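A short worksheet on the structure shown next.
The values are calculated or read from the model by the stated rules, or taken from the named source; none is laboratory data. In this text, all values refer to a predicted model and were calculated from it rather than measured experimentally. Every residue, glycine as well, gets a Cβ built from its backbone with ideal geometry; the counts of neighbours run over all protein chains shown. Side chains included, ligands, DNA and RNA excluded: accessible areas come from the protein's heavy atoms. Shrake-Rupley method; radii C 1.70, N 1.55, O 1.52, S 1.80 Å.
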Amino acid sequence: MGKIKCIITMDCLLIFTLVVMNIHHVLGDANVTVTFLNTAISKGAVCLDGSAPAYSYVEGFGTGSHSWIVYLVGGGWCNHISDCRARSSSRLGSSHLMASQTTFSGILDSDCTSNPDFCNWHKVFIYYCDGFSFMSDIEHSHAMNLTFRGARIFNVMMDEMLAKGMRNAQNAILTGTSAGGLATILHCDKFRKLFSDEIRVKCISDSGFFIRGKGHHGYKNREKFFGDVIKTHLLIKCKHFIFKCDLQKLGKSLPPKCTSKRKSSLCFFPEYLVEDIQTPLFVLESAFDRFQYHKLNLFGICNFQTMRQAVADWYFDRTSFRQVDTKSDLPKNCTSSFC
């Protein structure tokens, strides 16, 4: 297999790490209450089963009182109606089945010993229940008892946070893991537009760089999988799911800078998105990502500093960070999320 060519720009700092990185989930703030945004229902911003979207929030304090982190939860995608229907009977498709409390950790942790740079920021944890990385917006679905409204969920959540005080932020980060990491890439510039130009706004995608990898093993399967995801969520009104039946609708849902240059079916792959992103974007990706490992091998490790330190130094412009290392081809066990 040939090596993957990585293009790193000023705005997209790409890290391929060996460990399965997840900068959000270790022991941290326990018992953070989940808020169900029932006012969103009247706006059609609902989960797959029609239930209200949900978030958890911890208020910032001290020097972090004007700084915000918004985290988009991951959880894969549904690529067929039957798959979405099954998903609607789980916490990934229905807020009725979500736990009433959650734990904040990693970059969301309020422990200033383990998370000194972000511990006192306002922290928002947005639950994932649309199955399409917060991107779909179908007014009238032909799939009985299913709604595809992830884009509306993102919008109402941003409105909710702006009303809570995010409009006064001096620092803001949009981040997420896996499908939430892809959502971060897709919504990065939109998030940036919520703030005035002088506000420091950046995005961090953790394990969300799902690649097409044309010419590498399995790329046709990856194309088909994400093509099915797109058809299911954006072209649901198309008779017999004919892929070309509603390109205008598709173009409005996926980034137009991408769809204007290539097949819309490729515009869910970050390798075709990052070139047009104007907001600074930090990408962490694992060489042993559980989802991608069986599709395409990615080798490399960044083990000379912690991920926490790398992210913080990059966000606060303390130092530049660009690393694609190949010192090891074996996974390692981590006792903390910032190993």
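For the stretch 91-110, which positions are farther than 20 Å from I138 by Cβ and in a loop (DSSP other than H, G, I, E, B)?
Answer for the stretch 91-110, where residues must be farther than 20 Å from I138 by Cβ and in a loop (DSSP other than H, G, I, E, B): R91, M98, A99, S100, S105, D109, S110.
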The stretch 195-209, residues that are of a type in the set (K, R) and either open to solvent by 40 Å² or more (accessible area, probe 1.4 Å) or in contact with a Ser or Thr (Cβ under 6 Å, 6 or more places away or on another chain) (or both): R200
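Go through the stretch 114-132 residue by residue and tally those that are under 17 Å from R87 (Cα atoms) and open to solvent by less than 10 Å² (accessible area, probe 1.4 Å).
5
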The stretch 223-253, residues that are outside any loop (DSSP other than H, G, I, E, B), in contact with a Leu (Cβ under 8 Å, 6 or more places away or on another chain) and either open to solvent by 10 Å² or more (accessible area, probe 1.4 Å) or at pLDDT 75 or above (or both): E223, I230, F241, K249, S253
Residue match in the stretch 133-141 (condition: open to solvent by 20 Å² or more (accessible area, probe 1.4 Å), under 26 Å from R200 (Cβ atoms) and acidic (D, E)): no
Members of the stretch 96-129 that are free of Cβ contacts under 8 Å to residues at least 60 places away in the same chain and over 22 Å from A169 (Cα atoms): H96, L97, T113, Y128
Residue pairs meeting the criteria (Cβ under 6 Å; at least 6 apart or on separate chains; first part of a strand (DSSP E or B) and surrounded by 14 or more Cβ atoms within 10 Å (Cβ to Cβ), in the stretch 29-44; second small (G, A, S) and at pLDDT below 95): D29/S110; V34/S100
Restricting the stretch 254-273 to residues that are farther than 18 Å from F134 by Cα and touching a residue at least 24 places away in the same chain (Cβ under 8 Å), the residue that is least open to solvent (accessible area, probe 1.4 Å): Y272
Considering residues of the stretch 79-95 that are of a type outside the set (K, R) and open to solvent by 50 Å² or more (accessible area, probe 1.4 Å) only, the residue nearest to N168 (Cα to Cα): S89
Number of positions in the stretch 152-165 that are surrounded by fewer than 24 Cβ atoms within 10 Å (Cβ to Cβ) and within 19 Å of the chain's Cα centre (by Cα): 8
Members of the stretch 166-194 that are open to solvent by 20 Å² or more (accessible area, probe 1.4 Å) and over 18 Å from D130 (Cα atoms): R167, N168, Q170, N171, D189, K190, R192, K193, L194
Total residues in the stretch 86-114, condition at pLDDT below 95 and either basic (K, R) or farther than 25 Å from A45 by Cβ (or both): 10
